[in-house]
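The values are calculated or read from the model by the stated rules, or taken from the named source; none is laboratory data. These figures come from a predicted structure and were not determined experimentally. When we count neighbours, we look across all protein chains shown, and the Cβ atoms used for this are built from the backbone with ideal geometry, even at glycine. Protein only, heavy atoms only, side chains kept; ligands, DNA and RNA dropped before computing areas. Shrake-Rupley method; radii C 1.70, N 1.55, O 1.52, S 1.80 Å.
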Amino acid sequence: LTGSRKVAEEALTGSRKVAEGWLSKQDSDWARRWRRRWCILEHSAKGFSISYYQDAKATHCYGTVPLSGSRAQAHTSGSAFAFCIQVGGNAEARHGVYFLAADTAQLRDSWIRLCHQSAL
């Protein structure tokens, strides 16, 4: 039943979950606070992206990070196990850089690897 429900969900939404889990995301406002978000890496007709939500119920999407043509790398931005995703070619454009942090180095490296694979 779970498998058929997943296939039905993919058919309705046109997307497929690749990975999901808790990450902290740095706000893009002036305060730059870190907020824990439920993140889902998914593939749809538009390509790969990471959507982030308040909780694992994933009912209200706060935003989406497109991964096509992006670069992800470990980053030291005030949070342990942080990494950044640069969207597009302009490293100076703050709105094109997303800062995230995992709970462990191993999880951070897994998310970075998935981002690299999804950006191709």
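Taken over the stretch 12-23, the criterion of being over 20 Å from PRO66 (Cβ atoms) and open to solvent by less than 90 Å² (accessible area, probe 1.4 Å) is satisfied by TRP22 alone. The set of residues in the stretch 30-46 that are basic (Lys, Arg) and either in a strand (DSSP E or B) or open to solvent by 100 Å² or more (accessible area, probe 1.4 Å) (or both) comprises ARG33, ARG35, ARG36, ARG37, LYS46. Listed by first and then second residue, the pairs linking a residue in the stretch 30-45 that is at pLDDT below 90 to a residue that is surrounded by 19 or more Cβ atoms within 10 Å (Cβ to Cβ), with Cβ atoms under 6 Å apart and 6 or more places separating them unless they lie on different chains, are ARG32/GLN26.
Here are some residues: SER118, SER49, SER68. Which one is open to solvent by 80 Å² or more (accessible area, probe 1.4 Å), closer than 18 Å to VAL18 by Cα and small (Gly, Ala, Ser)? So that I can check it myself, show each step before the final result.
Working: SER118 fails: open to solvent by 80 Å² or more (accessible area, probe 1.4 Å); SER49 fails: open to solvent by 80 Å² or more (accessible area, probe 1.4 Å).
Only one candidate passes the filter, namely SER68.
When only residues in the stretch 53-62 that are modelled with pLDDT under 95 and hydroxyl-bearing (Ser, Thr, Tyr) count, which is nearest to SER118 (Cα to Cα)? Applying the filter and picking the extreme gives TYR62.
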